[in-house]
Amino acid sequence: MKILIADQIRALDNYTIEEEPVPSIDLMERASKAFVRWYTERFNQSGKVLIFAGLGNNGGDGLAIARLLDNLGYEVEVNIINYSDKRSEDFEENLHRLEKMLMVNWICDEEDIENALKNGIIIDAILGTGVNRPLNGIIKETILRLNRSNSTKISVDIATGLYTDSPVEPDAVIFKPDFTVTFQLPKLAMLLPENENFVGNWYKADIGLHVEFIENCATDYFYTDKIQPKIRSNFSHKGTFGHALLIAGSYGSIGAAILASKACLRSGVGLLTALVPECGYEIMQVSVPEAMCKTDVSKHTISTLPKDLTVYNAVGIGCGLGKALETVIFLENILKSFHEINPKKGLVLDADALNILSENKKLLDLLPPGSVLTPHPKEFQRLAGGWANDFERLKLLRQFAIKYKVIVVLKGRHSAVALPNGSVHFNSTGNAGMATGGSGDVLTGIITGLLAQGYPPEEAAISGVFKHGEAGDFAAQKSGQMAMIAGDIIENLRW
Ligand SMILES: NC(=O)C1=CN([C@@H]2O[C@H](COP(=O)(O)OP(=O)(O)OC[C@H]3O[C@@H](n4cnc5c(N)ncnc54)[C@H](OP(=O)(O)O)[C@@H]3O)[C@@H](O)[C@H]2O)[C@@H](O)CC1
Ligand SMILES: Nc1ncnc2c1ncn2[C@@H]1O[C@H](COP(=O)(O)OP(=O)(O)O)[C@@H](O)[C@H]1O
Ligand SMILES: [K+]
């Protein structure tokens, strides 16, 4: 699914109005009905609904929502923030329709704000995607007061004051909802961690905007909400699904090799070899009998290039690897041999493989094009340097992927997969239960397994991240976020 910027969303609204065609007031009614559908599925008629509306189209939505909820028997109070003389046409029309049934309150000063605040659910329809400057005056005062309320808060389309696709000023006042119900497409700002408090849990409400227009819109940002794994042929055999090599583990971190190996096997790979330090041999053989196990000459670390790399279809390096000097030399050697003998094979680099790259930046030039790098934010910072805000981090992420022709998976809530063509694919699955040691090792195993089966690296990364998060969601359903551990993600992989 595409993510569009505010100007494109405006053009999409207009295109839908002209080409469907649908009068803009009816499109607003559709949006408001979509919101009301979401709302009535979660909240019953007990208690008040306090609607705070602006004077533009977001405010128009708020007034239409008020009318629809009133019709359904909800006790609705409407407060319009009187910040300007300018009103949108559809706001005016919805005000006209509403005033036939309900009294509205106009908020002009602090006393009006206090009078408007009662026990009830707060719906923020003050400003939407049209916001173009920091809040001030009576809107700012209202938001500051609403944010202090303990009531459940819901934003229509986007929280008042949050820019759709650019950073907000550090001391900006922005509404802090528990939920955002956004129309049709996710907005970029909602996917970035720094905006967590200004988004809450968000939901998409389909309002039937023109699909063809969306298809023709150019964008670098996408949202992965489904993937299509390849079908396995009935006549396939283990040779069909590739041979993966995982190079992982060091003394005290053999568990990382086990997690990555099990996840790789559960992702459909034909054969798996794990290369671990000598001290990991028995542990691996007992814990993962389905994998073949090779050992390094070094007892506690990985130090030596395996002999015949050409037999493997994909190699994953880094989980629990450590950063011993001999491991640094090993990484340099394997990157060089990938260039020389194995340019078309998949390579995944994670954890300490990335930390070694950060500490030896000249090695970055040896990265085979199409390699998949899976840093968490701290690892990415070591690789690419710091950033002032999440939009800047996104820019760095894209630049890195383009410069080195690699795929970078920046892990976290809505992991961002940046491709060498400059596009970024945000993931929809996963939960905070996955914030536990070993979850990243599981992801490395999954992506390595997909690469070995012949998935192009872009697809292996995007699909692997999606399935990893989905398995985490299944695990959370079973044991709850606090009780789940990385191994549960593996057990819950379903393809
Ligand atoms: N188009 C459609 O058909 C549909 C639209 N829909 C809904 O419309 C929403 C977008 O509506 P919108 O474009 O009217 O903008 P909105 O967010 O209401 O702002 C109003 C105006 O406020 C102003 N303003 C900006 N910043 C400000 C500030 N800090 N303090 C004070 N004023 C400020 C600025 O005007 P300016 O003053 O700059 O001339 C701006 O134009 C969208 O989120 C969705 O909810 C849905 O119904 C689906 C169909
Ligand atoms: N709050 C969250 N929501 C969704 N996914 C998460 C969340 N926290 C962590 N994850 C996922 O869990 C994994 C953690 O990886 P990482 O930090 O490398 O763990 P480790 O190094 O312990 O293996 C990543 O894939 C990340 O996207
Ligand atoms: K809003």
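The values are calculated or read from the model by the stated rules, or taken from the named source; none is laboratory data. It should be emphasised that the depicted structure is a prediction, and the values quoted were computed from it without experimental measurement. All Cβ positions, even for glycine, are placed from backbone atoms using ideal geometry, and neighbour counts span all protein chains on display. In case anyone asks, the SASA skips ligands and DNA or RNA and just uses the protein heavy atoms, side chains included. Shrake-Rupley method; radii C 1.70, N 1.55, O 1.52, S 1.80 Å.
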Pairs, first at positive phi in the stretch 119-140, second in a loop (DSSP other than H, G, I, E, B) and near ligand 1 (Cβ under 6 Å from one of its atoms), C-beta under 7 Å, six or more apart: GLY137/TYR83
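Is it the case that the stretch 336-348 has a residue that's closer than 19 Å to ALA248 by Cα, open to solvent by 50 Å² or more (accessible area, probe 1.4 Å), away from ligand 3 (no atom under 16 Å from the Cβ) and touching a strand residue (DSSP E or B) at 6+ places or on another chain (Cβ under 9 Å)? Don't jump to the end; show me each part of the working.
Residues of the stretch 336-348 that are closer than 19 Å to ALA248 by Cα, as a first pass: 336-338, 345-348.
The next check asks that each one be open to solvent by 50 Å² or more (accessible area, probe 1.4 Å); those that pass are 336, 345.
Pick out the ones that are also away from ligand 3 (no atom under 16 Å from the Cβ) and you get 336, 345.
Now drop any that are not touching a strand residue (DSSP E or B) at 6+ places or on another chain (Cβ under 9 Å), which leaves 345.
Yes, because at least one residue in the stretch 336-348 is closer than 19 Å to ALA248 by Cα, open to solvent by 50 Å² or more (accessible area, probe 1.4 Å), away from ligand 3 (no atom under 16 Å from the Cβ) and touching a strand residue (DSSP E or B) at 6+ places or on another chain (Cβ under 9 Å).
With the condition kept exactly as written, say whether any residue in the stretch 156-168 is more than 10 Å from ligand 3 (Cβ to nearest atom), within 17 Å of ILE51 (Cβ to Cβ), assigned to a strand (DSSP E or B) and within 25 Å of the chain's Cα centre (by Cα). Talk me through it step by step, then tell me what you get.
Start the filter on the stretch 156-168 by keeping residues that are more than 10 Å from ligand 3 (Cβ to nearest atom), which leaves 163-168.
With within 17 Å of ILE51 (Cβ to Cβ) added as a condition, the list becomes none.
No, the stretch 156-168 contains no residue that is more than 10 Å from ligand 3 (Cβ to nearest atom), within 17 Å of ILE51 (Cβ to Cβ), assigned to a strand (DSSP E or B) and within 25 Å of the chain's Cα centre (by Cα).
Suppose we keep only residues that are among the hydrophobic types (A, V, I, L, M, F, W, C) and part of a helix (DSSP H, G or I) within the stretch 316-336. Which one would you say is farthest from SER298 (Cα to Cα)?
LEU335
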Residue identified as assigned to a helix (DSSP H, G or I) and not acidic (Asp, Glu) among ILE9, ILE51: ILE9
Residue match in the stretch 74-84 (condition: of a type outside the set (A, V, I, L, M) and over 20 Å from LEU146 (Cβ atoms)): no
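Determine whether the stretch 192-200 contains at least one residue that is aromatic (Phe, Trp, Tyr), open to solvent by less than 40 Å² (accessible area, probe 1.4 Å), more than 20 Å from the chain's Cα centre (by Cα) and assigned by TED's automatic domain parsing to the domain that holds THR129.
no
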Subset of the stretch 26-84 [touching a residue at least 40 places away in the same chain (Cβ under 8 Å) and basic (Lys, Arg)]: ARG30, ARG37, LYS48
Residue, farthest from VAL22 (Cα to Cα), within the stretch 208-238, restricted to residues that are at pLDDT 95 or above and touching a Leu at 6+ places or on another chain (Cβ under 7 Å): TYR221
Subset of the stretch 119-166 (residues that are farther than 19 Å from TYR83 by Cα, open to solvent by 40 Å² or more (accessible area, probe 1.4 Å) and more than 15 Å from ligand 1 (Cβ to nearest atom)): ASN119, ARG148, ASN150, THR152
Pick from the stretch 340-363, criterion assigned to a helix (DSSP H, G or I) and over 26 Å from the mean Cα position of the chain (by Cα), ranking: modelled with the lowest pLDDT: ILE341
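Can you find a residue in the stretch 23-35 that is assigned to a loop (DSSP other than H, G, I, E, B) and either assigned by TED's automatic domain parsing to the domain that holds LEU135 or not hydroxyl-bearing (Ser, Thr, Tyr) (or both)? Before you say what the answer is, go through the steps one by one.
We begin by selecting, within the stretch 23-35, every residue assigned to a loop (DSSP other than H, G, I, E, B); these are 23.
Going one step further and asking which of them are either assigned by TED's automatic domain parsing to the domain that holds LEU135 or not hydroxyl-bearing (Ser, Thr, Tyr) (or both), we end up with 23.
Checked against the condition, which is being assigned to a loop (DSSP other than H, G, I, E, B) and either assigned by TED's automatic domain parsing to the domain that holds LEU135 or not hydroxyl-bearing (Ser, Thr, Tyr) (or both), the stretch 23-35 yields at least one hit.
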Entirely in the stretch 73-154, the helices (runs of 4 or more DSSP H) that have 2 or more residues that are over 11 Å from GLY59 (Cβ atoms) and over 36 Å from the mean Cα position of the chain (by Cα): 89-99, 110-116
Residues located in the stretch 9-40, provided they are touching a strand residue (DSSP E or B) at 6+ places or on another chain (Cβ under 9 Å) and open to solvent by less than 40 Å² (accessible area, probe 1.4 Å): ILE9, ALA31, SER32, ALA34, PHE35, TRP38, TYR39
Condition broken by THR273, with the remaining ones in (1) under 34 Å from the mean Cα position of the chain (by Cα); (2) part of a helix (DSSP H, G or I) satisfied: (2)
